1. Averaging the inverse of every distinct alpha carbon separation and then flipping it gives the Kirkwood radius. What is it for segment 64-161, in angstrom units?
2. With bins 5 Å wide starting at 0, give me the P(r) of segment 116-172 over every alpha carbon pair, in whole percents.
3. Percent of accessible area on segment 187-327 owned by carbon and sulfur, 1.4 Å probe?
4. Exactly which chymotrypsin sites (Phe, Trp or Tyr not before Pro) in segment 304-339 are in a DSSP loop and have at most 13 other Cβ atoms within 10 Å?
5. How many angstrom lie between the Cα centre of segment 254-294 and the Cα centre of segment 88-124?
6. Translational diffusion coefficient of segment 107-233 at 10 °C, 1.306 mPa s, Stokes-Einstein with Kirkwood Rh over Cα pairs, in µm²/s as a whole number.
7. Suppose the Debye formula is applied to equal point scatterers at every Cα of segment 261-332; what is log10 I(q)/I(0) at q = 0.22, 0.23, 0.26 Å⁻¹?
8. For the full complex of protein chains and a 1.4 angstrom probe, list Arg330, Arg250, Arg196 by accessible area with the highest value first.
Amino acid sequence: MQINTSSLFVNLNGRPPALQNGFLKLSNKKIHSFYGGNEEITKDSALLYKYRMANPVKIFEKGQNHKPIDNVSDVPGDFLAQLNEEGYSWDEFRFQSAFDIEWGDDLDYILSRLAASYVTVYDQLNSHFSGAELDDHMARLDAAVSKVMSQRADVFAENVGGFLEENGFAGEKDKIYDTIASEYQNKVRQYREFLRNNSDYAKLKGTEYEWLADDAAYMAQELRKACDTTNASDTLQGQYSLEEISLANRLVQDMTFDGLFDSLGNEESFGLDAGILLLKTQLFAENSRVSEQFADKMTRAVNTSIDHILDKINDRKLKLYDDPYYDKERAPVYDKSEIYDISRMMLKLYKEKGSYSEAILACIDYARDKSKGKEDINGKVDRYRENYYWKRFYDNSDCFRQFYYSEGVDRRTAYQKLVDSWNSFAYDISKLNDSRIKTNYMSVLA
């Protein structure tokens, strides 16, 4: 299966797409710290850390013999030589930092960091400890791994597996959790085998930085660089890959119930939102890293989920029908057939045009025109008498002239939100950013 890379992105007035961070989306940010986070640990940063730990600055103490330094060139030369003469000592902070794995949506990266950290620390403990002291450290190592593993696996199993189970597929949580656990063990085995045959994989022996061989966080990082475990093991028949679980997790993030459909909208705006979800699912299904079987399962689950969400919205309205003060003629339940007419048109337009961007823009016009054809200022249904959703679709400046809107409110138009949502998702799924179109539509920020 191949992604159609033509015009993946809708460009807002010629500007690059605004890529937003969604739920569990941290892995693309550089998180600065000497150890932990996801910024690369360099030899210079490790040396600065060691020097600062050996020469702490006491802010309330007068007459200190040294001052804090920020540049590695200021570290005395004899300090670097001294490090290689020191024996091994347990560093609790470095141990904790090796397992300070940030939350993110790249499952392969998370498991690779965890497995490399485990193998690195396991090897160092066996090299420097024995007896009860070794048992104590090993117990803490197992506890650290178990905590990270269960937390991360639970999130993906709950997000993706829970979504599938809620929409007709039983046993998915356990299946995804077992897949993650199995792939983690595969990575541990691969790293151990590599380490056994490549003891100097970080190329430190005989150098002035040989002391770094005892640095758990640095050595785990270098082990991941030296031994690529991505796609190293064949996925068993019927088992999901880490890549498709990660991509499915990104898709599920956009399937939240609250806020999925704008309360000021009508059947046509609901249909447009549903169509965007179907188009996102289409992009997910076309990804070469996603199997046809899993793509079909997720596609059916998304369709079922949309239907369930619409039923919930209508159920809320139906519960109000018995209220004598509720006017069901002015606010009737939504016509699902009209909603699906728009959402199916989105897929039809994509198949005709072969471009995601062109399909989105054409479907916007189709939905607006259809809604406009139903508008009746003297009609009974409120959402077709004065439709504020479509009236403010491209220009919402009148909203923010009112005094009761606070500064912190999201001022993007519905069009801008749609574009931002699509561009963010398309980039996360395809990692492509070179197929945009320019539009003449103006979306005004007040």
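1. About 16.4 Å for segment 64-161.
2. 4, 17, 18, 14, 10, 9, 9, 8, 6, 4, 1
3. Whole-percent figure for carbon plus sulfur exposure: 46.
4. Taking segment 304-339 and a limit of 13 other Cβ atoms within 10 Å, the loop chymotrypsin sites (Phe, Trp or Tyr not before Pro) found are Tyr321, Tyr325, Tyr326.
5. Centre-to-centre distance over Cα atoms comes out at 36 Å.
6. D, rounded to a whole number, is 99 µm²/s.
7. Summing over Cα pairs of segment 261-332 leads to -0.97, -1.02, -1.15.
8. Arg196, Arg330, Arg250
The values are calculated or read from the model by the stated rules, or taken from the named source; none is laboratory data. Keep in mind the model is a prediction, meaning the values are calculated, not measured. Cβ atoms come from the backbone with ideal geometry, glycine included; neighbour counts cover every protein chain shown. Keep in mind that these areas ignore ligands, DNA and RNA; they rest on the heavy atoms of the full protein, side chains included. Shrake-Rupley method; radii C 1.70, N 1.55, O 1.52, S 1.80 Å.
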